[in-house]
Amino acid sequence: MLTRLALRARIFTIILMVAVMVGGAYSLSKLQIELFPDIDFPVVTVLVFYPQAGPQQVLDDVTVPIENAVQGVPGIVSVRSTSAPSIAQIVIEAEFGEDMRALEAEVTRRVNALSLPAGVQPRVARISLDEFPILEISVVASGDINQLAALVEEQVLPVVEGVPGVFSADVPLGITQGVSITRTNGQPSVPISVLKKPDANTVEVSKAVTERLEQLRPTLSAGIEFVEISNQAPGIQRNIDELTTEVILGAILAVAVIFSFLLSVRPTLVTSISIPVSVLAALIVMGWQGMSLNILTLGGLAIAVGRVVDDSIVVMENIFRHIQQGEPPRQAALNATREVALPIITSTLTTIAVFAPLAIIGGFITVIFLPFALTITYALLASLVVALTVVPVLGSIFIGKGRPHTVNLLERSYTGLLGWALAHRKRTILTAVGLTIASLFLLPFIPISFIPSSGEGVLSVQMAVQGTPSREQVLAQLDEVEAVLARLKSDGTVTVYRSTYGATGQFTGVNARVNTANLVVRLSSDADVEATTQSLRQDLAGSSRTVTVFESGGGGGPSSNALQLMLTGDDYALLADSANRLTAELKNLSGLVNVSNDVVAATALNGSAPITHIGGNRAVTISGTITARNTQAMQVQVQQAAVRVGLPPGVELATGGVFADTNRSFQQMGIAMLMGVALVYAVMVFAQRSFVTPFVIVLSLPLAAIGALGALFITQRALGLPALIGMLMLVGLVVTNAIVLIAFVEQLRARGLPLHEALLEGGRTRLRPILMTALTTIFVLLPLAVGLGGQSGGLIGAELASVVIGGLLTSTLLTLVVIPVVYSYLRRKGPTPATGAPTPQTSGVQGD
């Protein structure tokens, strides 16, 4: 019906297509550009300032009452607290996806109802991406630091806060109150943190602030410099540019694949029009939904480019074939589209259906990947409409009668192979089953992780001086650390480094451990991050200090290399002894560095050590940095180390960090894939009004595992969350080819063709569109897999692309052979769709 209407109003259809493209271009110009979608972190903090109180008094008078008050609040997963001199901090964690505004309000209500010591005013706050600075700048100058701080507050901050889109520009209280020291590149400095408004564009705001500071600098005192410490904008723009490049390269490769099969310019251009129209239509919906352009949504568009053209390929190839057979163009467009309408509708809906579990399972996966899934869904729905309307209209106008189609070498070879498979059915099926089982044996040789490192080249360094040092002793150790970094800066390895000693929070007691200093080190773009990190761990160490160095991911997301173990119990002496023994054991493990626990810090502070609670119990935390690529193998080693150490009764060990993230994400994705398979089957049963045929099609899914696991094994890329998302996508993509093939076979049987002849004819006829759709998707993903646009990686990167490419490659080749064989088994005695008569048997389908 839709195709008939479009063909009757061809001019209107073309005008509507142009309007969609113009509207999409306009939406693109208005979309916010961010690194990640708007993420509501599931954390509420309660910060309390209790002057002159020691850790135990803070615990008894403030922390424990608040812990008891928030117990039973719906949605809370864990409660952790730290009671330090004059300060209590309670961190309340919920599941991703919880209504954090409601949770914050309930926590605030309960805390405000408490009777706390006089003068104590708890502050309850949520954590969101908008609370992370988009820009951090150091104002550097020689001379008195107090005068510089006053100048910054009086002359610099008002200018920055006057930039459109800036929410605030702040200097830490510790600087203004003289209780902390910040040095940039070894020089005294005043740090400024710039936060944007929630609806502002990060790239635009950052650029405007930078330009305004350049204009301001000549008006200030001589010798004042603005040094950029961190800036989200270049990273965001680089990721956007790289993904955009990959989208364009993918689209070009898709067009090249289509042309290589059709060998005609006009059909190629008609088919390719679905790429810009579908993508731009998706951008219209994204703008309407208030979504931003970020690495998840743009990654979704990059992936979608390979799939949006599939429906149009099937329609255009069929139109082209009908015209070659002598039908008038308009009638050929109508007949050809009607012939494949149900298969492409079914295949598109099955591809979309696999993303539904991402909206259901909740947690981190839903929050992060739902925008990715929605973007692909919008583009696929648009591509389906384009295939049923625009492609037939343009095909009827621009496609003339060409040379009659003749069976080529590829089709003859395939027909011979399929004929052999139908004559040797048991051998064919056993081979496919054997390959599938064999692929599972590759799993032990594939690295397993959570999320690959983004490789931004920013290092975090923490220096802890042993014992109870004086301020001067800590600064003397810091001088030695900075001297090493100065040498690296002079040879170009380091671009900037900033050190901070003393209080850095909104209260002067927060983060004010007297024996520690923290540094941020930014490496040059051509520096070897891993090698430099390893070198600094050795070069910065000293006999009187402990230094930890790790790569900082930024952005506030889960760390992909953080080890976190929690020991809980009632007897702190047992906890401390167990933690020290386990820490010593873990330090012997290869692939694990920066191993430490807060017992060491506690003994160093002579009775003023913070007291940590987890779930209301005393706790000790062991932390470290995982440098091994295979985090699952490291988890096994850590568990074995805990067994060797032996934990006494009353001490319990729980894992956090990347181990907990990996286990949780694998469980959730396993559920999502099972739900995806069930939904795909349900869609096909509804569309095809059959239980058997969809079952045959679903059997093509294991064939994808051969290539998916093989690709990860060959490339040694990690089986992590991105790869699992790729496998979920394969559930929807793989069945597309089988749907197109089996649907045509059943049409041929309905016309009275015997089963064997229907399978051979259907396979030969659908060979070209099946190969075209699979190869376009594969070639579109190649730039992403090999990083031709850059190293955009991360959540939507090489792992996902490798899995999809490998899975499509093997599933397509085997689907063309195995699925007809399975169909011949399950449908050989069934009635034909047209007459209900038994299907005639032929010798070809009664082989072994």
message: Among the residues that make up segment 488-504, is at least one of them out of contact with any Leu (no Cβ under 6 Å at 6 or more places or on another chain), at pLDDT below 90 and part of a loop (DSSP other than H, G, I, E, B)?
response: yes
Residue in segment 99-117 that is under 22 Å from GLY363 (Cβ atoms), in a strand (DSSP E or B), within 25 Å of the chain's Cα centre (by Cα) and hydrophobic (A, V, I, L, M, F, W, C) present: no
message: Against the condition over 35 Å from the mean Cα position of the chain (by Cα), surrounded by fewer than 20 Cβ atoms within 10 Å (Cβ to Cβ) and modelled with pLDDT under 90, how does GLY174 come out, does it pass?
response: no
Number of the condition not met by GLU214 [criteria: (1) within 20 Å of ALA379 (Cβ to Cβ); (2) modelled with pLDDT of 90 or more; (3) among the acidic types (Asp, Glu)]: (1)
message: Residue under question is TYR414, and the condition is that it be closer than 28 Å to ASN318 by Cα, hydroxyl-bearing (Ser, Thr, Tyr), touching a Gly at 6+ places or on another chain (Cβ under 8 Å) and open to solvent by 10 Å² or more (accessible area, probe 1.4 Å); does it hold?
response: yes
- prompt: From ARG766, ARG749, ARG717, which residue is closer than 28 Å to GLN632 by Cα and surrounded by 23 or more Cβ atoms within 10 Å (Cβ to Cβ)?
  reply: ARG717
- line: Flagged in segment 22-36 as loosely packed, with under 13 Cβ neighbours inside 10 Å and under 25 Å from PRO133 (Cα atoms), in numbering order, are SER29, LYS30
task: Take PRO65 and decide whether it is touching a strand residue (DSSP E or B) at 6+ places or on another chain (Cβ under 6 Å), of a type outside the set (Gly, Ala, Ser) and open to solvent by 30 Å² or more (accessible area, probe 1.4 Å).
output: no
task: With the condition kept exactly as written, say whether any residue in segment 685-707 is open to solvent by less than 40 Å² (accessible area, probe 1.4 Å), over 26 Å from THR431 (Cα atoms), modelled with pLDDT under 90 and among the charged types (D, E, K, R).
output: no
- request: Could you check GLY75 against (1) touching a residue at least 40 places away in the same chain (Cβ under 8 Å); (2) touching a helix residue (DSSP H, G or I) at 6+ places or on another chain (Cβ under 6 Å) and say which number it fails?
  value: (1)
message: Filter segment 92-105 down to the residues that are open to solvent by 50 Å² or more (accessible area, probe 1.4 Å) and within 14 Å of VAL46 (Cα to Cα) and list them by number.
response: GLU93, ALA105
message: So if I check each of ALA282, ALA336, ALA304, which one is open to solvent by less than 10 Å² (accessible area, probe 1.4 Å), free of Cβ contacts under 8 Å to residues at least 60 places away in the same chain and of a type outside the set (S, T, N, Q)?
response: ALA336
field: Residue list for segment 43-58, restricted to those being crowded, with 19+ Cβ neighbours inside 10 Å, within 18 Å of ALA113 (Cα to Cα) and out of contact with any Phe, Trp or Tyr (no Cβ under 6 Å at 6 or more places or on another chain)
entry: VAL44, VAL46, VAL48, TYR50
query: Tally time: how many residues in segment 470-485 are under 19 Å from THR533 (Cβ atoms) and touching a Ser or Thr at 6+ places or on another chain (Cβ under 9 Å)?
result: 3
- prompt: Out of the residues in segment 313-333 that are of a type in the set (S, T, N, Q) and open to solvent by 10 Å² or more (accessible area, probe 1.4 Å), which is farthest from the chain's Cα centre (by Cα)?
  reply: GLN325
message: Going residue by residue through segment 453-469, is there one that turns out to be closer than 22 Å to LEU809 by Cα, open to solvent by 80 Å² or more (accessible area, probe 1.4 Å), out of contact with any strand residue (DSSP E or B) (no Cβ under 6 Å at 6 or more places or on another chain) and not charged (D, E, K, R)?
response: no
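The values are calculated or read from the model by the stated rules, or taken from the named source; none is laboratory data. In this text the structure is predicted, and so the values were computed from the model without any measurement. We place every Cβ from the backbone using ideal geometry, glycine too, and count neighbours over all the protein chains shown. Just the protein is used for accessible areas: all its heavy atoms, side chains included, with ligands, DNA and RNA removed. Shrake-Rupley method; radii C 1.70, N 1.55, O 1.52, S 1.80 Å.
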